[in-house]
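Here's the structure we're looking at; comments come further down.
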Amino acid sequence: MKTEKKCKICHTAFTPEKRHPRQKICSKPECRRKSRIAALRKWRKLYPEYFKNRTDNVEKIRAWRKAHPDYYPKYREAHPELKKKTLKYVRAHRAKKRAFLQEKGFSLEAMVSKNKI
Ligand SMILES: [Zn+2]
C-alpha cells in the first residue's frame, strides 16, 4: 500500500500521520501556516457578513456613548470594585508585556516614554 502523498502547498512528498490518513498538507510549520491562512480566507469568503456586524456594533456603541456621556462615569462611581479588577488586569498585562520585551532586549518604560506604545 502506497502511503506517500504530495503536499498541496510545497508539492514535496510526505507520509500522512497514522491517525490522519486523509492529511493533505505536510507537517512543515510554513505549510501548516499557509494552510491555516488559506482556510481562514475561505471561511471569510463564505461568511463575509460575520465581522461586518461586529464593526456595526462598535459604531452603535460609540453613538450610544456619545448620546449618554454621564452613564459610564456614574456606573464606575456605583461600582468601585471594577476599578480594582481593571487595575489588577492592567498590571498583570503590563508585567507579562515587560517580561516579553525584556526577553527580546527591549524596555517597556523606554518604549512608553518614546510613545511607541
Ligand atoms: Zn508542505
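The values are calculated or read from the model by the stated rules, or taken from the named source; none is laboratory data. All of these numbers come straight from a predicted model, not from anything done at the bench. Positions of Cβ are backbone-derived with ideal geometry, glycine not excepted, and every protein chain shown enters the neighbour counts.
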For residue 39, the lone unmet condition from (1) more than 26 Å from the chain's Cα centre (by Cα); (2) away from the ligand (no atom under 13 Å from the Cβ); (3) of a type in the set (Gly, Ala, Ser) is (1)
Test result for residue 59, loosely packed, with under 10 Cβ neighbours inside 10 Å, more than 24 Å from residue 109 (Cβ to Cβ) and not assigned by TED's automatic domain parsing to the domain that holds residue 111: yes
Conditions (1) touching a Ser or Thr at 6+ places or on another chain (Cβ under 9 Å); (2) within 14 Å of the ligand (Cβ to nearest atom); (3) not in a loop (DSSP other than H, G, I, E, B) -> residue 101 fails only (2)
Here the residues within the range 62-117 that are surrounded by 11 or more Cβ atoms within 10 Å (Cβ to Cβ) and of a type in the set (Phe, Trp, Tyr) are 71, 100, 106
Going through the range 1-26 in order, the residues found to be within 12 Å of the ligand (Cβ to nearest atom) and within 16 Å of residue 39 (Cβ to Cβ) are 7, 8, 9, 23, 24, 25, 26
